[in-house]
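Everything below concerns the one structure shown next.
The values are calculated or read from the model by the stated rules, or taken from the named source; none is laboratory data. Here the structure is a predicted model, which is why all the values come from computation and not from measurement. When we count neighbours, we look across all protein chains shown, and the Cβ atoms used for this are built from the backbone with ideal geometry, even at glycine. Please note that ligands, DNA and RNA were not included when accessible areas were found on the heavy atoms of the full protein model with its side chains. Shrake-Rupley method; radii C 1.70, N 1.55, O 1.52, S 1.80 Å.
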Amino acid sequence: MDFSATQANERFHSLDLIRGVAVLGILVMNISTFAHVNAFYMNPFAVGDTSNANVITWFITHVFADQKFYTLFSMLFGAGIMLMAQRASNKGVAPGPVHFKRMGWLLLFGLIHGFFIWYGDILATYALMGFWVYFLALNTSVKTKVYVGAALVSFFFILMAGFYFLFQWMPEPEMAEMNQMFYPSQVMINEEIAAYQGGWFDNFEHRAAFYGMSLLNMIFMVGPLRIAGAMLIGMALYQSGILTAEKSKGFYIKFTSLMLIIAAALLYWDYQLLTEDNFDFNGLWLSFGVANSSAAVFLALTYVGLFCLWAKSDVMGWLRRKFEAVGKMAFTNYILQSVIVTTLFYGFGFGLFAELERYEFYYIVAAIYLVQLIGSELWLKKFYFGPLEWAWRSLTYGKSQPFSRAHS
């Protein structure tokens, strides 16, 4: 029996909506590493004193976006794995071979993205984690997925807290070297700026080395614990009908309120960690590894509740449909963001790397949002899929998928 790609009448609108929000939200944080040295993402004072407008911008993005949208996207990715497997099984097709081909091609796309376009790629990690979380997609209960997912995520926080305590015993020279993660030396700053203000081969050398190291970290620690755990939670949310907006409005109001209260408490702790010792290494480590990272899980769940409520309502349906269109083309839009922003900031393009204030990044973000919200909807009136979605599906299923609506 032929198992073709998901058709329009089989889609869950809430999944497309939340995916659209997530892929746009990811740019809020990614823009920092496109536009400046890596430490600038984590620390508003990484390259010296800055204006109040820049510090306020950092705090707003740190609270509402940092780790929240990639957590949300991880949950949706897990749900997508389960959805694909269920639909294959329902059509009498063994889902395993389809899934593993799908992940294999995504891994290749991710590695190309990471090594040749931007070192912050998340797709390769998703593919590698997707290979094994699949084994919990079918034939396990919602509770099993929640327990295993929560255990993995919790172990990540415990591990990061454990590293913090080990740092207290670390010799001073090694500790000074660790501190450069958040406060790089001027030499390191200058080298990174030179690499990305230079030509394509200059930034390729830096990007390939950095991506190689970060991919190892993702494969052995962040991926199996933080990301795979969120994928399993996403599977549970899908299986229980929460992600697909099948629950009552009352349920989502209670769910959203509870998740928001927990997130707010953790974010308050995070704020204290950062400000008590004026963004020192200890506060930044505990923030990114434990406080903000755990708050991100609950704020991502808050966003799930909020956007499921929106999916169930008639409020601003015209805007919701635009976000859904972005979500249907999430793969294309994610890569397109990288292509646009590297062209703007890197030396082979307009060379704006390390030239703008932090708050100025968000003029560019707003412009990209406008392009993708309007452009995705217009594109899908003429085509069934985004170009990369079409390529991925065609490679996965071993034959060219329908593309242009004009030929149907």
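The table for this structure:
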item	result
Hits in the stretch 230-268 (condition: among the hydroxyl-bearing types (Ser, Thr, Tyr), surrounded by 15 or more Cβ atoms within 10 Å (Cβ to Cβ) and part of a helix (DSSP H, G or I))	Tyr238, Tyr252, Thr256
Leading residue by the ranking (surrounded by the most Cβ atoms within 10 Å (Cβ to Cβ)) among those in the stretch 272-309 that are without any contact (Cβ under 8 Å) to a residue 24 or more places away in the chain and not polar (S, T, N, Q)	Leu274
Selection within the stretch 206-229 - closer than 13 Å to Ile122 by Cα, surrounded by fewer than 17 Cβ atoms within 10 Å (Cβ to Cβ) and either free of Cβ contacts under 8 Å to residues at least 24 places away in the same chain or not β-branched (Val, Ile, Thr) (or both)	Gly212, Leu216, Asn217
Members of the stretch 3-61 that are touching an Asp or Glu at 6+ places or on another chain (Cβ under 8 Å), closer than 21 Å to Ile242 by Cα, at pLDDT 95 or above and not charged (D, E, K, R)	Leu17, Gly20
Residues satisfying the stated conditions in the stretch 22-53, i.e. closer than 21 Å to Gly289 by Cα and part of a loop (DSSP other than H, G, I, E, B)	Val37, Asn38, Asn43, Pro44, Phe45, Ala46
Verdict on Phe34 being buried (at least 18 other Cβ atoms within 10 Å of the Cβ), touching a residue at least 40 places away in the same chain (Cβ under 8 Å), within 20 Å of Leu395 (Cα to Cα) and of a type in the set (A, V, I, L, M, F, W, C)	no
Checklist (1) at pLDDT below 95; (2) within 14 Å of the chain's Cα centre (by Cα) applied to Lys91, failing item	(2)
One residue from Ile81, Ile56 being part of a helix (DSSP H, G or I), open to solvent by 30 Å² or more (accessible area, probe 1.4 Å) and of a type in the set (A, V, I, L, M, F, W, C)	Ile56
Residue ID - surrounded by the fewest Cβ atoms within 10 Å (Cβ to Cβ), chosen from residues in the stretch 316-344 that are of a type outside the set (A, V, I, L, M) and without any contact (Cβ under 8 Å) to a residue 24 or more places away in the chain	Trp318
Condition met for Ser338 (in contact with a His (Cβ under 9 Å, 6 or more places away or on another chain), of a type in the set (S, T, N, Q) and modelled with pLDDT of 95 or more)	yes
Boolean, Met178 is open to solvent by less than 70 Å² (accessible area, probe 1.4 Å) and under 18 Å from the mean Cα position of the chain (by Cα)	no
The stretch 345-360, residues that are part of a helix (DSSP H, G or I) and open to solvent by 50 Å² or more (accessible area, probe 1.4 Å)	Tyr359, Glu360
Hits in the stretch 121-161 - residues which are within 17 Å of the chain's Cα centre (by Cα) and open to solvent by 30 Å² or more (accessible area, probe 1.4 Å)	Leu128
